[in-house]
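Every read-out reported here was derived from the displayed coordinates using simple, explicitly stated rules and does not represent laboratory data. Model, not experiment: these values are computed from the prediction. Here Cβ is always computed from backbone atoms with ideal geometry, including for glycine, and neighbour counts include all displayed protein chains.
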């Protein structure tokens, strides 16, 4: 990369929380994504520490990390609430996400080099032709993450990565993945591959076409899914005793054709971290 990864801005909470902290972070994230913990519910660091028998500072760091990744908001001292987007807020968030994506791709056209292109190609080396199992699902998501990580560094603007994390938070990115069926994930993979030669040719019209294709495919189902999350909204506390980890949101039927997913991994902060991960 032209810019050293260590020169980019990180949120401190993106760093590992240690084995126990990362496990609780991932399980809590998963319960939010599957609506075991419902939109609007309150999570309290003191109660989290007591429920999982962990240090209060670690519980606070877990909540901070979840907030920085967009899973929690309305943070007030040791408490925060699970994110709940109204229809209007969700539409605005998706619009911002699209604008940032287009900006990143346009800037990559100007700053592209062979290292960037090769890294993008390597990140998409995954076979989605068969049944998409939870392992394959998570592998594709991590590869998708490192693909855009590569684009962020090609932009060469120190604050751009934090801007992307705020305008297109990991909570939204994972939500996008979970609403797609096998065909939708394969379509995304195909379009991500098509982005690479378009960047090499600096074909901005083709890049905009690919972005539009993806947005038209997943935005309607994503908006409908957001409404289903909001149907479960609650202003009480999360149920700390519920340790279930379902493989799909609780409002979906067991016959829903979309791939099952598990708690997954923390997203890597560098290519070194990515290459050390054990993914298919």
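Values for this structure:
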quantity: Angle between the chain longest axis and helix 114-123 axis [Cα atoms, degrees, rounded to 10]; calculated: 50 degrees
quantity: Full-stretch length increase - residue 272, residue 186 - with 0.36 nm per residue and alpha-carbon distance subtracted; calculated: 28.3 nm
quantity: Inter-centroid distance (Cα atoms) of segment 79-114 relative to segment 166-232, Å; calculated: 11 Å
quantity: 25 °C / 0.890 mPa s Stokes-Einstein diffusion coefficient of segment 135-212, Kirkwood radius on C-alpha pairs, µm²/s; calculated: 179 µm²/s
quantity: With 10 Å bins from 0: P(r) over segment 87-225, alpha-carbon pairs, percent; calculated: 11, 44, 38, 8, 0
quantity: Relative contact order of segment 154-224, defined on C-alpha pairs under 8 angstrom at six or more residues apart (%); calculated: 35 percent
quantity: Cα→Cβ-extended label distance, 7 Å offset, between residue 162 and residue 53, nm; calculated: 3.9 nm
quantity: Percentage relative contact order, the chain, counting C-alpha pairs under 8 Å, at least six apart; calculated: 33 percent
quantity: Cα long-axis angle, helix 134-155 against the chain (0 to 90 degrees, to the nearest 10); calculated: 60 degrees
quantity: Label assignment, Kirkwood radius over Cα pairs in Å derived from the structure, set [x] 19.5; [y] 21.2; [z] 18.8; calculated: [x]
quantity: Tensor-based shape of segment 85-137 (alpha-carbon gyration tensor, a/c under 1.5 rounded, otherwise prolate or oblate); calculated: oblate
quantity: Residue-averaged 222 nm ellipticity for the chain, from DSSP H runs of 4+ at -39500 (n - 2.57), nearest 500; calculated: -19500 deg cm²/dmol
quantity: Cα-based helix-to-principal-axis angle, 87-111 vs the chain, degrees rounded to 10; calculated: 40 degrees
quantity: Gaussian network model of the chain, springs between alpha carbon atoms under 10 Å - residue of 151, 126, 211 with greatest fluctuation; calculated: 126
quantity: Three-way shape call for segment 177-269 based on the alpha-carbon gyration tensor, with the a/c threshold at 1.5; calculated: prolate
quantity: Rounded, prolate or oblate (a/c below 1.5 giving rounded, otherwise prolate when a/b exceeds b/c) for segment 44-89 by Cα gyration tensor; calculated: prolate
